[in-house]
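Before any comments, here is the structure.
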There are 4 protein chains.
Amino acid sequence: MKVGIIGAGRIGKVHAKNISMFVPALEIKTIADPFMNAETEAFAKQYGIPNTTKDANEILNDPEIEAVLICSSTDTHSKYIIEAAHAGKHIFCEKPIDYDLKKVHEAIDAAKQAGVKLQIGFCRRFDHNHRAVYDLVRAGKVGKVNIIKISSRDPEPPPVSYVKVSGGIFYDMMIHDFDMARFLAGSEVTEVHAVGSVLVDPAIGEAGDVDTALVTLKFASGAIGVIDNSRKAVYGYDQRVEVFGSEGCAQNENDIPHTAVLSTADGTTYGTAYQVMWDRYTGAFVSEMQAFADAVANDKETPVTGEDGLYPVLMAAAATKSLQEGRPVKISEVE
Amino acid sequence: MKVGIIGAGRIGKVHAKNISMFVPALEIKTIADPFMNAETEAFAKQYGIPNTTKDANEILNDPEIEAVLICSSTDTHSKYIIEAAHAGKHIFCEKPIDYDLKKVHEAIDAAKQAGVKLQIGFCRRFDHNHRAVYDLVRAGKVGKVNIIKISSRDPEPPPVSYVKVSGGIFYDMMIHDFDMARFLAGSEVTEVHAVGSVLVDPAIGEAGDVDTALVTLKFASGAIGVIDNSRKAVYGYDQRVEVFGSEGCAQNENDIPHTAVLSTADGTTYGTAYQVMWDRYTGAFVSEMQAFADAVANDKETPVTGEDGLYPVLMAAAATKSLQEGRPVKISEVE
Amino acid sequence: MKVGIIGAGRIGKVHAKNISMFVPALEIKTIADPFMNAETEAFAKQYGIPNTTKDANEILNDPEIEAVLICSSTDTHSKYIIEAAHAGKHIFCEKPIDYDLKKVHEAIDAAKQAGVKLQIGFCRRFDHNHRAVYDLVRAGKVGKVNIIKISSRDPEPPPVSYVKVSGGIFYDMMIHDFDMARFLAGSEVTEVHAVGSVLVDPAIGEAGDVDTALVTLKFASGAIGVIDNSRKAVYGYDQRVEVFGSEGCAQNENDIPHTAVLSTADGTTYGTAYQVMWDRYTGAFVSEMQAFADAVANDKETPVTGEDGLYPVLMAAAATKSLQEGRPVKISEVE
Amino acid sequence: MKVGIIGAGRIGKVHAKNISMFVPALEIKTIADPFMNAETEAFAKQYGIPNTTKDANEILNDPEIEAVLICSSTDTHSKYIIEAAHAGKHIFCEKPIDYDLKKVHEAIDAAKQAGVKLQIGFCRRFDHNHRAVYDLVRAGKVGKVNIIKISSRDPEPPPVSYVKVSGGIFYDMMIHDFDMARFLAGSEVTEVHAVGSVLVDPAIGEAGDVDTALVTLKFASGAIGVIDNSRKAVYGYDQRVEVFGSEGCAQNENDIPHTAVLSTADGTTYGTAYQVMWDRYTGAFVSEMQAFADAVANDKETPVTGEDGLYPVLMAAAATKSLQEGRPVKISEVE
């Protein structure tokens, strides 16, 4: 099956590389980027992608291409989803679909009406550690889910310029954890309450955001949960989930690159955590693309649907409102 | 130094035994309990306590006795603190001082005016694992404290009859964690927000309480925190704390009785957690009593002051109000 | 039951203290030591031991005393065992019984003929971690035992003066591991092969011993095993066992004083190991004395019999011979 | 740089796939196998290998091909090394070079005289966990190396037919650990002593081999070591190394596929170990090929030289002799 990639930035290239190396069911015919340049053309050549273009329409209008990967800037996601849907192409779109809920709905509806697959790029669902916890929970090993806890901390804050346009910590960072919370709970969040502080970098505060945040979740099932985020963990990428239930507790330990342990007079030391996201989630990016190929090839539901793209945005909207107003906010208030 | 123990229930006996075995600086002269019986008299004999009585006044009026341990029912704590203070005796009092803030203040004031030591029985501060995290934090190993997370789960819920009179999960269970949060943060909590559910036993709900709760904390320092409690963890006593800061993260793993590990075709299994509180916190009870003896003998401030007894009650009051009203509550609202 | 303690050195005092604190079934009437002094008399008083004496015969001839603890120097062990046996007293004797196999046999025989209990002080059998592995093995969790591995490393070498008289590393240090190997395997060792080096302190080599040793074991069952010893582990007391069998592998992790973990930019660090044997094996000393009291009171076989005292000495003799002659040595060669 | 692969069995295909996916510096021109078939031709096509042939000479005689990978049966290794060396091609050869020491020497000499690179496929040196221990040791973190311990256990024994021709457990299994011991120690082994038993499958014993073995090592540096092997660990692939030295101890924990942990009333359980070698050492196979490409491209010494291929064979020969004769055997006896 031939695919096209719209957007040749960092994430577009990761998907291109992974498809060419690990997803034999997909064949990239064209990669499009308005800033197409020699470096990207060389990249395309190296990974056997025959066409490069500045014009996404070359993909959308190509009858040979059955699926598109939308890896362009967020503000173009919903537009390309709609156009791809109209062109009858299956769609993998990076998260978030959009911050504007109306656009999110329009995009999801377009895909539905066209009867094409739509998968959203919440890659962490495919991480081997998070997945292993999910599998334990779904296999009933913890019984009924009572409490969910998610820690998610980045090694370094993004540039303040990014924070200004990203929608803030709930939209650009915790959105992954909002998705993970729903994924693990198997139940929708009905209310959130956010607290946050500027403890890492005052410039983030001046940009109107917090850099340390903690959001309480109420689920429809009665379960409760909490997510904590920090923009800066000096020890590296810290990503842990915990699901406590009536029959037990499943959690994962933070991932580290190797199992070597050193005991000296100073104590017993394990290796440092991953310092970059691409190293930490290498396998997850591959797995989500294999899952997309599988969903399209075998006409299955995609493992991360359009609705799965919608709900975390609702949660981010509610968390933002909660932080601003200093009170719990129901999801129904922002729907 | 001679001491008297008021209250010969479970905790009174634990202290009596620990003093006789591990605190040579203290000598128990008298143990008083309105329900004094043959079994307690035999206990006293076994541990070398010369006097038993039904009347606490025999302790309070005994000029030889320099310090009293108040291990009676909660409703009598403040009364005995005041009387012991008037009698010029140093005081160790089990937590909580009282649920009535006015009484708490009166008790603290009485001790202050009398110039006697007052230590409150928040034993977890003396647990080897929590203490080790505290020591790392105080030694600056995590830098400035940004996030505090505390998990505290009991193996079994208490009888519903107890829940009805205890003041509920925030007063009888999370109060330990409220104390721990302040202890670890080195900063006062200014606001709490509580969510809770009845997920373990409907009878607890019928008694007007929740059995699963999660409380968000804002500290004066800007740090944020969260405590989760469950009345029932099938795998046993689960007590973990985590302090995340600008330079690192200190946490403890749940305590288990031994380090043996079994690898079979089913995976690699560690031993089960402690099933009873007395096993889990054996050493902590000894250490707190040694610390009390040290504070009195060497005229130091006690490591858990009257104020340390007050604040967790304020936090419990605020959490209760927050749960009832579905909104964040400032500590100043309940003060 | 009244007991007497012969020998008031470090280990004698540990047992005295533990009995007085944790073994209510035993009552120490007399403690004897040829170097009895004011400090030991004060110790006796503190722990409620009424009699102190320079003459062990006061214990051996006291009809009220039913059991003796032999904590004197090794060269007097077999003599006191024989005398105590003749006096009809039950016997707890510190390891080793003797280095002279003839004396060991005479002592064991004397206890047998007198029909008194004899327990040897291999305290590690009572350690909570080693015991937990043993329990897993005996419960059949690892199936048939195929391989046994024991690591045992001390924080600091003993004085060279001690090495000169102790019989060397196999007699004074690895003897604990020889006992542990038999204990875990449930099968006798038939042959050993020792290699060793002087890598810690040349003075140990000059004294005719090695400070780093590794002994291969063949068991009657067909299982094989290995023990490694080092006189100096800078990170503290390192004591681990591993039992690999047809159905799995049971092992214990080295014991550390607390579970706190620190993650910083330098990695994730656990606490240091124990630095002193008394801290590491605190509970084991208590448990072995409780087991002795139980064996005597309830007329059970002691958990570490005279034969259990004999075999490790045979293994040490064979290991010494193996190291000297550079070849495997059968236990039957030294028997 | 163009390469040819001689031998299209399992390991040949692993290298072919890894080169095509992860080693852009190498380009596979031809793959040769006497049993070339449609399935292998399809494989070659999938991974962009233009030529397939039954005749290894097509590779050896191709002037465009600069390096060959020898992945054929062991009995042909030395022959192809010599022929490739004569043809001036750099060589990567699977281990072992041969069991016949004369042939091993001839092969190594041929490569030396031709001035071509020779790398032997001891892939475990490239494993992330073993490598991390090695890096700690080489960085001096454990000080002077005193003790080396290696555990290596397979999930399932190989077919007895294989055991009959492989040379036995020391040649087909422990040879990896012999290499690892030298690699970690940074010192040559001078003497070995082997013990072994048939505990897994009597048919292995009937074939003249043992299935459970333990080999003691003496190193030229004075360090001592031990390797244990079992043909069957029900919990999966168990591969651990430990290096104990004057300043500390570096070890790795067994590798497991994820970090998820489940706590239930039965204890706390980690995931099972890897069940197949290819999953366990995925990354190591990639890394060794990248290292080979790097050595050739940048004219560096290969990280596993011909001598590194020789010594483990000497150790296996000595271990075999030791087991047969029941005595320690010096490497110089088999050289």
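Of note:
- Hits among aspartates and glutamates - C-alpha to C-alpha of A:Lys54 under 13 Å, sequence gap 8 or more where chains match: A:Asp33, A:Glu41
- For region C:289-299, putting each phi into the Karplus relation 6.51 cos²θ - 1.76 cosθ + 1.60 with θ = phi - 60° gives couplings of 6, 5, 5, 5, 4, 5, 5, 6, 5, 10, 6 Hz, in residue order, rounded to whole numbers and with x for Gly and Pro.
- Evaluated at q = 0.10 Å⁻¹: base-10 log I(q)/I(0), Debye formula over Cα of region A:171-255: -0.29
- Pairs of Cα atoms nearer than 8 Å and 6+ residues apart set the relative contact order; for chain C it is 19 percent.
- Shown here is the pair-distance distribution of region D:210-334: with all Cα-Cα distances grouped in 5 Å bins from zero up to the longest one, the shares run 2, 7, 11, 14, 16, 18, 16, 8, 4, 3, 1, 0 percent.
- Remark: mean inter-chain Cβ contacts per residue of A:120-133 equal 2, using a 10 Å Cβ-Cβ cutoff to other protein chain atoms.
- Calculation over all alpha carbon pairs of region C:63-114 in 10 angstrom steps from 0 returns a P(r) of 29, 59, 11, 1 percent.
- Nearest-ten-degree value, helix A:306-325 long axis tilted from longest Cα axis of chain A: 40 degrees
- With eigenvalues of the C-alpha gyration tensor scaled by 5 and rooted, chain A, Å: 32, 24, 21
- Isotropically averaged projected area of region D:160-207, using the convex hull of Cα atoms (one quarter of hull area), nm²: 3.9 nm²
- Magnitude of the charge dipole for region D:93-195, about its Cα centre and with charges confined to Cβ atoms of Lys, Arg (+1) and Asp, Glu (-1), is about 420 debye.
- For D:Lys144, solvent-accessible area (1.4 Å; no DNA, RNA or ligand), Å²: 100 Å²
- With respect to the axis relating copies D and B by rotation, the chain D residue whose beta carbon is closest, plus that distance in Å, is D:Thr269, 2.
- Ratio Rg/Rh, restricted to region D:1-57 and using Cα atoms, in which Rh is the Kirkwood radius: 0.92
- Across the identical copies, how the A:Glu307 labels are spaced - nm, sorted shortest first, 7 Å along Cα→Cβ: 5.4, 6.8, 7.1
- A:Trp278 accessible area, assembled protein chains, probe 1.4 Å, Å²: 60 Å²
- Take the Kirkwood radius over Cα pairs of the protein assembly as shown, plug it into Stokes-Einstein at 4 °C and 1.567 mPa s, and you get 37 µm²/s for translational diffusion.
- Taking every C-alpha pair closer than 8 Å and separated by at least 6 residues, the mean separation divided by the residue count of region C:15-115 gives a relative contact order of 20 percent.
- Note on region B:33-88: with neighbouring protein chains present and a 1.4 Å probe, carbon and sulfur make up 50 percent of its accessible heavy-atom surface.
- Between copies, C:Asp266 shows label-point distances of 0.3, 4.1, 4.1 nm, shortest first, with the point placed 7 angstrom from Cα along Cα to C-beta.
- Rh by Kirkwood over Cα pairs, then Stokes-Einstein D for region A:12-120 at 1.002 mPa s and 20 °C, µm²/s: 151 µm²/s
- For region D:67-157, the number of Lys pairs separated by eight or more positions or lying on different chains, with C-alpha atoms closer than 29 Å, is 19.
- Under the convention that each Lys and Arg Cβ holds +1 and each Asp and Glu Cβ holds -1, the size of the dipole of the protein assembly as shown around its Cα centre is about 0 debye.
- Taking a straight line from the alpha carbon of C:Lys17, these lysines sit under 17 Å away, with near neighbours fewer than eight places off in the same chain left out: B:Lys17, C:Lys2, C:Lys29, C:Lys45.
- Calculated label separations, A:Asn57, copies of the chain, 7 Å along the beta-carbon direction, nm: 6.1, 10.1, 11.8
- Kirkwood analysis of the Cα pair distances in region B:267-335 returns a hydrodynamic radius of 15.7 Å.
- For chain C, share of DSSP beta bridges that run antiparallel, in % to the nearest 5: 55 percent
- At q = 0.16, 0.19, 0.21 Å⁻¹, base-10 log of I(q)/I(0) for region A:47-196 (Debye sum, equal scatterers on each alpha carbon): -1.06, -1.24, -1.32
- Positive-end extreme of charge dipole, region C:233-335 - chosen from C:Ser287, C:His258, C:Tyr235 (charges on Cβ): C:Tyr235
- Apportionment of accessible area to carbon and sulfur, region D:91-138, percent (1.4 Å): 47 percent
- The contact residues of region C:227-248, meaning those that lose at least 10 Å² of 1.4 Å-probe accessible area when all protein chains sit together rather than their chain alone, are C:Asp228, C:Ser230, C:Lys232, C:Val234, C:Tyr235, C:Arg240, C:Glu242, C:Phe244, C:Ser246, C:Glu247, C:Gly248.
- Shielding of D:194-207 by partner chains, average beta-carbon count, 10 Å: 3
- Computed with a 1.4 Å probe over protein heavy atoms only, the accessible surface of chain C comes to 36 Å² per residue.
- Taking all protein chains as shown and a probe of 1.4 angstrom, C:Glu27 keeps an accessible surface of around 100 Å².
- Local electrostatic count, A:Asn252, Cβ distance below 10 Å [Lys/Arg +1, Asp/Glu -1]: -2
- Pairing chain A with chain D buries about 2000 Å² of accessible area. This figure sums both sides and uses a 1.4 Å probe.
- Built amide H within the under 5 Å cut-off of B:Ile5, gap 5+: B:Thr30, B:Ile31, B:Ala32, B:Leu69
- Listed residue (B:Val133, B:Gly12, B:Val329) projecting farthest to the positive dipole end of chain B, Cβ model: B:Val133
- Under Karplus coefficients 6.51, -1.76 and 1.60, residue-wise ³J(HN,Hα) of region D:174-187 in Hz, glycine/proline x: 5, 4, 4, 6, 4, 4, 4, 4, 5, 4, 6, 6, x, 7
- Share of carbon and sulfur in the accessible heavy-atom surface of region B:208-335 [1.4 Å probe, %]: 47 percent
- DSSP bridge pairs, the protein assembly as shown: antiparallel proportion in percent, nearest 5: 60 percent
- Projected area, mean over directions - region B:238-306, Cα convex hull, nm²: 8.1 nm²
- With 0.36 nm allotted per residue and the present C-alpha distance subtracted, the A:Arg10-A:Val160 stretch has 52.1 nm of extension available.
The values are calculated or read from the model by the stated rules, or taken from the named source; none is laboratory data. Small disclaimer: the values here were computed from a predicted structure and weren't measured. Please note: Cβ atoms are built from the backbone with ideal geometry, for glycine as well, and neighbour counts cover all protein chains shown. Only protein heavy atoms, including side chains, enter the accessible area calculation; ligands, DNA and RNA are left aside. Shrake-Rupley method; radii C 1.70, N 1.55, O 1.52, S 1.80 Å.
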